[in-house]
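Worksheet for the structure shown next.
The values are calculated or read from the model by the stated rules, or taken from the named source; none is laboratory data. Since we're looking at a predicted model, the values are computed, not measured. Glycine also receives a Cβ, built like all others from the backbone with ideal geometry; neighbour counts cover every protein chain displayed.
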Amino acid sequence: MTLNFWKLKCWTACGIGLVAFAAAASITGRLLYVNEVKADNTRVFELRVYHALPGKLPALEARFRDKTSKILARHGLKVVGYWVTEDASDNSLIWIAADSSREEAKKNWDAMMADPEFQDVIKAEQAEKLVEKVDVTYMHATDFSLIK
């Protein structure tokens, strides 16, 4: 009788251990799946590099600080940040805008281009000639990017 009791206890302990292991594996698997990161493929970032003419970078920065950034915000163009290079001879103002999609970016830019206040900024730019050229690159985030 004592031998059967120990066999029963052994099988019970093995069964409890197996159930506990299965439950832990199931929970761990679900947690790993929930934490999986995927980039939103429709969100788009627009990298813009404005190459200022020599000596004109401070005036270009002032234009963005005082006028252009406010117009961009009013038309839904969400600026992530503005930068200038550490190399003073580079004369570049760099900024990134984020939109929910390329189509949304186009719609926002079209609205901004039609804005009378922005038309005045363009006319002032043509008269003062601050920018030599502008490089524009559209990008989307990778699945391992910190910003998405």
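Only one residue in 129, 106 is touching a Leu at 6+ places or on another chain (Cβ under 8 Å), surrounded by fewer than 16 Cβ atoms within 10 Å (Cβ to Cβ) and assigned by TED's automatic domain parsing to the domain that holds residue 60. Which one? Before the answer, list the steps.
On the way: 106 fails: touching a Leu at 6+ places or on another chain (Cβ under 8 Å).
Only one candidate qualifies: 129.
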- Task: With the condition kept exactly as written, say whether any residue in the range 88-98 is exposed (fewer than 12 other Cβ atoms within 10 Å of the Cβ), at pLDDT below 95 and within 18 Å of residue 51 (Cβ to Cβ).
- Result: yes
- Item | Test: residue 120 is farther than 27 Å from residue 43 by Cβ and assigned to a helix (DSSP H, G or I) | yes
- Task: Among the candidates 139, 112, single out the residue that is aliphatic (A, V, I, L, M), out of contact with any Lys or Arg (no Cβ under 7 Å at 6 or more places or on another chain) and surrounded by fewer than 16 Cβ atoms within 10 Å (Cβ to Cβ).
- Result: 139
- Item | residue 95 being under 16 Å from residue 60 (Cα atoms) and either in the same structural domain as residue 54 (by TED's automatic domain parsing) or among the basic types (Lys, Arg) (or both) | yes
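Criterion first (outside any helix (DSSP H, G or I), touching a residue at least 12 places away in the same chain (Cβ under 8 Å) and among the small types (Gly, Ala, Ser)) does residue 111 satisfy it? I'd like the intermediate steps shown before the answer.
Values: outside any helix (DSSP H, G or I): no; touching a residue at least 12 places away in the same chain (Cβ under 8 Å): yes; among the small types (Gly, Ala, Ser): yes.
For residue 111, the condition - outside any helix (DSSP H, G or I), touching a residue at least 12 places away in the same chain (Cβ under 8 Å) and among the small types (Gly, Ala, Ser) - is not met.
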- Query: Would it be correct to say that residue 57 is in the same structural domain as residue 135 (by TED's automatic domain parsing), under 23 Å from residue 138 (Cβ atoms) and crowded, with 16+ Cβ neighbours inside 10 Å?
  - Reply: no
